[in-house]
Every structure is written in C-alpha cells, then in structure tokens.
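Below: the structure, in structure tokens.
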Amino acid sequence: MRLKFLDAILGKSELPKAKLDRLFAISTATVTMEANLGFKAGGKAGICIKPLESSRYESARSEVEDLLRYSNKETGTDYQLQKDKYNYLWVVLKDGDFEDLVTNVHLVSQTLIDHGFGEQLLCAIYLFLETGSKKGSIYWIYNFKAGAYYPFAPLESKKRDNALEFRLRSLMEEELPIEKNVEKWYPLWGTPL
C-alpha cells in the first residue's frame with residue numbers, strides 16, 4: 001500500500017493488467033473483420049506515447065528500441081520512432097504477420113509500464129484495408145486508459161464515416177472490448193500509419 005502511495009506522488013502509475021491483456025482481443029477479431037466485413041489487416045500498427053523529458057524516460061525509450069531491434073531480427077517487424085506535429089512520439093510498426101504486430105504493441109506497452117510510464121501510453125492503433133472493389137481504410141484504436149477499442153473510419157476533408165463506425169461497433173462488440181461512450185471515440189487525423 002505504501003509503495004502505491006509513493007508511486008502516485010511520484011507520478012508513477014500502472015495500468016491494470018487485465019486492461020493491457022485486452023490488447024490481444026484484436027488478434028481473433030481480424031478473422032471476423034475479413035470474413036464478415038471485408039476488411040483485412042493492413043500490415044501496420046502504432047503506439048502513441050506522450051513523451052517526457054527525464055533520464056528515466058530516455059532509459060525506457062532506449063530499452064524499447066533495443067527490444068524492437070531484437071524483435072526485428074526474430075520476426076521481421078520493421079519499426080520507426082517519430083514525432084507528430086503535436087510532439088507525441090509514435091512507435092510505427094510494419095509487418096505482414098498481424099500476430100507479430102499485436103505482440104510488438106504489447107511488448108512496447110508492457111516495457112513502458114514496467115518502467116513506470118503507463119500514464120504516458122495514449123493509444124495503440126491498427127490499420128485495416130477494405131478488400132474487393134472499394135479501397136477504403138479504417139482503424140481500430142485502443143485507448144489504454146479505458147482499456148477499450150473503438151473504430152475510426154476517416155474520409156477526405158477530415159470527415160468521418162459515422163455509419164460505418166457504428167456498423168463496425170455493432171458487429172464487433174462480441175469480440176472486442178468496445179468503448180461504450182462514443183464521445184470518447186477521438187479521431188486521429190494525420191497518424192503516421
């Protein structure tokens with residue numbers, strides 16, 4: 001109890017393990033997405049992190065990069081770290097094997113949590129591409145704080161396909177922990193995926 005109190009004062013926090021384990025729900029949902037909805041995994045995923053200026057954070061970031069280099073040798077998952085226009089750090093992952101993407105997202109997330117930076121994790125995002133004659137794309141976004149997914153179907157001119165997003169929710173809520181409050185379905189315009 002005393003350690004948790006000190007962690008709270010020092011700004012360290014830990015996401016509940018059950019919520020982090022929810023990341024893996026997307027693995028089995030890909031089968032339904034392709035078979036029933038006509039969307040296949042697009043080979044890209046990312047994690048958005050709110051960066052900090054501290055030596056502890058730089059140490060954690062260095063460990064994440066070491067793990068990603070090792071993972072690249074083992075699984076072939078390419079990675080890139082880049083900042084967006086809002087100065088958030090993105091870990092962008094590319095791999096044709098969706099399971100490897102999910103595993104790497106979990107690996108990065110768990111490493112940051114283990115170093116006390118769970119609060120810096122904002123979201124994980126997975127790209128899905130429409131199959132057949134249409135060539136649209138959607139994203140499934142995992143909000144670390146809520147421990148839930150939500151769909152994001154961007155259109156041109158920073159508009160969203162709300163009808164598709166609600167359809168995706170209704171068809172996938174049996175397989176994914178879906179954010180119930182649609183007010184928290186934040187759009188992620190200009191993601192590096």
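Consider the range 147-166 and keep the residues that are closer than 17 Å to Met33 by Cβ and among the hydroxyl-bearing types (Ser, Thr, Tyr). The one that is surrounded by the fewest Cβ atoms within 10 Å (Cβ to Cβ) is Tyr150.
Checking the structure you have, find out if any residue of the range 40-51 is modelled with pLDDT of 95 or more, charged (D, E, K, R) and buried (at least 18 other Cβ atoms within 10 Å of the Cβ). Yes, some residue in the range 40-51 is modelled with pLDDT of 95 or more, charged (D, E, K, R) and buried (at least 18 other Cβ atoms within 10 Å of the Cβ). Pairs meeting the criteria (first residue in the range 15-40 and closer than 16 Å to Gly132 by Cα and in a helix (DSSP H, G or I), second residue of a type in the set (Ser, Thr, Tyr) and modelled with pLDDT under 90, beta carbons under 9 Å, at least 6 apart or on different chains) are Glu34/Thr131.
Selection of the range 172-193 for residues being of a type in the set (D, E, K, R), more than 15 Å from the chain's Cα centre (by Cα) and outside any helix (DSSP H, G or I) yields Glu173, Glu174, Glu175, Lys180. Going through the range 25-39 one residue at a time, which ones are surrounded by 15 or more Cβ atoms within 10 Å (Cβ to Cβ), closer than 19 Å to Asp100 by Cβ and among the β-branched types (Val, Ile, Thr)? Of everything in the range 25-39, those that are surrounded by 15 or more Cβ atoms within 10 Å (Cβ to Cβ), closer than 19 Å to Asp100 by Cβ and among the β-branched types (Val, Ile, Thr) turn out to be Ile26, Thr30. Checked against the criterion of being under 19 Å from Tyr88 (Cα atoms), in contact with a Lys or Arg (Cβ under 9 Å, 6 or more places away or on another chain) and surrounded by fewer than 20 Cβ atoms within 10 Å (Cβ to Cβ), the range 105-115 contains one or more residues that satisfy it.
Under the condition of being over 16 Å from Gly46 (Cβ atoms) and touching a residue at least 24 places away in the same chain (Cβ under 8 Å), the residues counted in the range 68-93 number 2. When Trp140 is tested against (1) touching a residue at least 24 places away in the same chain (Cβ under 8 Å); (2) farther than 21 Å from Leu89 by Cα; (3) surrounded by 14 or more Cβ atoms within 10 Å (Cβ to Cβ); (4) in contact with a strand residue (DSSP E or B) (Cβ under 8 Å, 6 or more places away or on another chain), only condition (2) is not met.
Matching residues to (1) farther than 22 Å from Ser62 by Cβ; (2) surrounded by fewer than 17 Cβ atoms within 10 Å (Cβ to Cβ); (3) not polar (S, T, N, Q):
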| position | (1), (2), (3) |
| --- | --- |
| Tyr79 | no, no, yes |
| Val91 | no, no, yes |
| Asp97 | yes, yes, yes |
| Thr103 | no, no, no |
| Gly118 | no, no, yes |
| Leu121 | no, no, yes |
| Lys135 | yes, yes, yes |
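Would you mind finding the one in Lys134, Lys94 that is over 16 Å from the mean Cα position of the chain (by Cα) and farther than 22 Å from Glu179 by Cβ? Unique residue meeting the criteria: Lys134.
The values are calculated or read from the model by the stated rules, or taken from the named source; none is laboratory data. All figures in this text were calculated on a predicted structure; none of them were measured in a lab. Quick reminder, even Gly has a Cβ in these numbers, built from the backbone with ideal geometry, and neighbours come from all protein chains shown.
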